[in-house]
Amino acid sequence: MPTYEGGMSFAQEFARGMRKSPPVVLSSAPFGLLFGALAVDNGFSVGEAVLMSATVYAGASQMVGLDLFGQHVAPWLIALSIFAVNFRHVLYSAAVGRRVPHWAPAQRAFGFFFLVDPQYAEAERKAENGERVTFAWFMGMATPIYVCWVTEAWIGASFGSLIPNTYALGLDFLLPIYFLGLVLSFRTRPLWLPIVVTSAVASIAAYEAIGSPWHVTVGAAAGMALAAFMPVTGNGDGEDVA
Amino acid sequence: MTTTVWIILAGAVLTYLSRIGGHLVLSRFERVHPRVEASLNAVPAAVLTTLIAPAAYHGGAAEIAALVVAGIVGWRSGMMTMFVIGAAVLVAGRNLL
């Protein structure tokens, strides 16, 4: 078998990436199913729900899109809101782009489609630990997450009305808990606490003043501005965030 | 095609542009300024916090308790442990409180 990088075959690297997927698959499954169920509830067909999960592939923005669709907001404004929620991916792609100079252009064009929050966080963590972010590892992590996400939309849309009391099961609040875990994993970075506090306050203020989805853009911009204007203390590379 | 399909495809194209755009635009620069670097390093904590804070702000006792316990557990242990315990506190809180 030909070696891929660092003596690992493509299949071995792919398998290593796959091992990063179960926590993401498990924690996003309720939302994948919920999205499908809510989509049908808001007037989507089963096929349209699956199409959205397969092509947009960004949970929070899909939920925002559904919500606005149900309120009969102008189509261009729905598309713009999806973009606003997903604008953070510009920053993810800029950050991960620095980690994958060894990828071919076609690999970047393909791989970056799958750059969802946990995919970004794991790639960044791997790079910070001094490991090479290979295309095989990246797609190994992305493939199960993507396949499950699209399948869940179909299941949720098909059987949505059968889900029992979702509030009692806490389904709607699992994502913030998961995001909290990701935020904590970055706690050794420079200025972590001031950034988190600033973004928290700014996002709550924006949520109250302007409303969703702009709290994401405003809160993130506030945290980034703080980091940019504080004295430079180091780039945070090489730190153990496990 | 229905209006719904057009909205979905427009959202998909814009989302893909956001995922490839940052890299395409930033890779034009030879060297990244330290302050740009610092703000890029702030991205994950800053963005992910905005997905938590308003939800926590509007949460009730069960939601706040789940986040606090998950935060304490997460400080000492791994992702899956903190997630499972946080979810357990949430479900318990919603059904018992």
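The values are calculated or read from the model by the stated rules, or taken from the named source; none is laboratory data. Treat the numbers as computed from the prediction; the structure is a model and nothing was measured. Because the Cβ atoms are built from the backbone with ideal geometry, glycine has one as well, and the counts that use them run over all protein chains shown. Quick note on the areas: whole protein, heavy atoms, side chains included, nothing else; ligands and nucleic acids left out. Shrake-Rupley method; radii C 1.70, N 1.55, O 1.52, S 1.80 Å.
Using the Cβ-Cβ distance between A:Phe159 and A:Ile210 with R0 set to 35 Å, the FRET efficiency from 1/(1 + (r/R0)^6) comes to roughly 0.45. When the helices of chain A are scored as -39500 (n - 2.57) per DSSP H run of n ≥ 4 and the total is divided over every residue, the value at 222 nm lands at -21500 deg cm²/dmol. Placing unit charges on each Cβ (+1 for Lys and Arg, -1 for Asp and Glu) gives the stretch A:1-146 a dipole about its Cα centre, and among A:Ala54, A:Phe110, A:Phe44 the Cα reaching farthest toward its positive end belongs to A:Phe110.
Does the protein assembly as shown come out rounded, prolate or oblate, given a ≥ b ≥ c as the square roots of the eigenvalues of its C-alpha gyration tensor, rounded meaning a/c under 1.5 and, failing that, prolate meaning a/b above b/c? Please report the intermediate quantities before stating the final value.
Numbers: a/c = 1.33, a/b = 1.17, b/c = 1.13.
Rounded shape, in that the Cα axes give a/c under 1.5.
Using a 1.4 angstrom probe, figure out how much accessible area chain B has per residue, in square angstrom, rounded to the nearest whole. Don't skip to the answer; put the middle values down first.
Values: 4830 Å² over 97 residues.
Here the residues of chain B average 50 Å² of exposed surface.
Averaged over the residues of peptide A:221-231, the number of Cβ atoms from other protein chains lying within 10 Å of each residue's Cβ is 6. Ellipticity at 222 nm from helices only: DSSP H runs of n ≥ 4 in chain B, each -39500 (n - 2.57), divided by the residue count, give -27500 deg cm²/dmol. For chain B, what does the alpha-carbon gyration tensor say about shape, rounded, prolate or oblate, given a ≥ b ≥ c as the root eigenvalues, a/c under 1.5 as rounded, and a/b over b/c as prolate? It is oblate, given that a/c is not under 1.5 and a/b is not larger than b/c. For A:Ala58, nonlocal amide neighbours, meaning residues 5 or more places apart or on other chains whose placed amide H falls under 5 Å from its own, do not occur. Take the accessible area of B alone and of A alone, subtract that of the pair with a 1.4 Å probe, and the total buried over both chains is about 6400 Å². Given +1 at the Cβ of Lys and Arg, -1 at the Cβ of Asp and Glu and no other charges, the dipole of the protein assembly as shown around its Cα centre is 520 debye to the nearest 20.
Tally up the carbon and sulfur contribution to the accessible surface of the protein assembly as shown as a whole percent, 1.4 Å probe, everything protein left in place.
Numbers: 10210 of 14820 Å².
Carbon with sulfur: 69 percent of the solvent-accessible area.
Helix B:3-26 sits at what angle to the longest principal axis of chain B, using alpha carbons and giving 0 to 90 degrees rounded to 10? Tilt relative to chain B: about 70 degrees.
Largest accessible area first, the residues A:Tyr92, B:Tyr16 order themselves as B:Tyr16, A:Tyr92 under a 1.4 Å probe with ligands, DNA and RNA left out.
Percent relative contact order of chain B, based on C-alpha pairs within less than 8 angstrom and at least six residues apart? Spell out each step's value before the answer.
Values: 35 pairs, mean separation 19.9, N = 97.
RCO, chain B: 21 percent.
Solvent exposure of the stretch A:69-226 amounts to 38 Å² per residue of accessible area, where only protein heavy atoms count and the probe is 1.4 Å. Sorted largest first by accessible area at a 1.4 angstrom probe radius, with every protein chain in place, the residues B:Glu37, A:Glu124 fall in the order B:Glu37, A:Glu124. The alpha carbon centroids of the stretch A:82-159 and the stretch B:29-97 are separated by 20 Å. Over the stretch A:9-133, Cα pairs under 8 Å with separation of 6+ residues give a relative contact order of 19 percent.
What does the charge dipole of the stretch A:55-179 about its Cα centre add up to, to the nearest 20 debye, if the Cβ of each Lys and Arg holds +1 and the Cβ of each Asp and Glu holds -1? Could you put the intermediate results ahead of the total?
On the way: 7 positive and 8 negative charges, 89 e Å.
With only Lys, Arg, Asp and Glu charged at Cβ, the dipole is about 420 debye.
Counting Lys and Arg as +1 and Asp and Glu as -1, what is the net charge of the other residues whose Cβ lies under 15 Å from the Cβ of A:Ala221? Each step should come with its number before you reach the end.
On the way: positive: A:Arg88, B:Arg35; negative: none.
Here the count lands on +2.
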